[in-house]
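The block underneath contains the structure these notes are about, expressed in structure tokens.
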């Protein structure tokens, strides 16, 4: 699996036991699941790119969505030197 923010291959932990969402966490429910985490997830530039992605997904205007997506891709390229298929 690749990060939907920056396109980097995610690190995977298979067969983890725990909640898979908010409701399960509140109920104390646990189940086996796989966890995928981008190796850049804790970096400030990745947080900014994630915010741009979320803003673009919520934006109804097609041109503004395209601008936000282009800005996100530009930031990712700046930090990763090209990224992957973003």
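The values are calculated or read from the model by the stated rules, or taken from the named source; none is laboratory data. Not measured: the values here are computed from a predicted model. All Cβ positions, even for glycine, are placed from backbone atoms using ideal geometry, and neighbour counts span all protein chains on display.
Quick check on residue 11: is it at pLDDT 95 or above and in contact with a strand residue (DSSP E or B) (Cβ under 7 Å, 6 or more places away or on another chain)? Yes, satisfied.
Please count how many residues of segment 5-24 are surrounded by 12 or more Cβ atoms within 10 Å (Cβ to Cβ) and within 21 Å of the chain's Cα centre (by Cα). Residues meeting the conditions: 11.
Looking only at residues of segment 27-40 that are modelled with pLDDT of 95 or more and either touching a helix residue (DSSP H, G or I) at 6+ places or on another chain (Cβ under 9 Å) or assigned to a loop (DSSP other than H, G, I, E, B) (or both), we find that the one that is surrounded by the fewest Cβ atoms within 10 Å (Cβ to Cβ) is 39. Looking only at segment 61-79, decide whether some residue is touching a helix residue (DSSP H, G or I) at 6+ places or on another chain (Cβ under 9 Å), surrounded by 14 or more Cβ atoms within 10 Å (Cβ to Cβ) and assigned to a loop (DSSP other than H, G, I, E, B). No, segment 61-79 contains no residue that is touching a helix residue (DSSP H, G or I) at 6+ places or on another chain (Cβ under 9 Å), surrounded by 14 or more Cβ atoms within 10 Å (Cβ to Cβ) and assigned to a loop (DSSP other than H, G, I, E, B).
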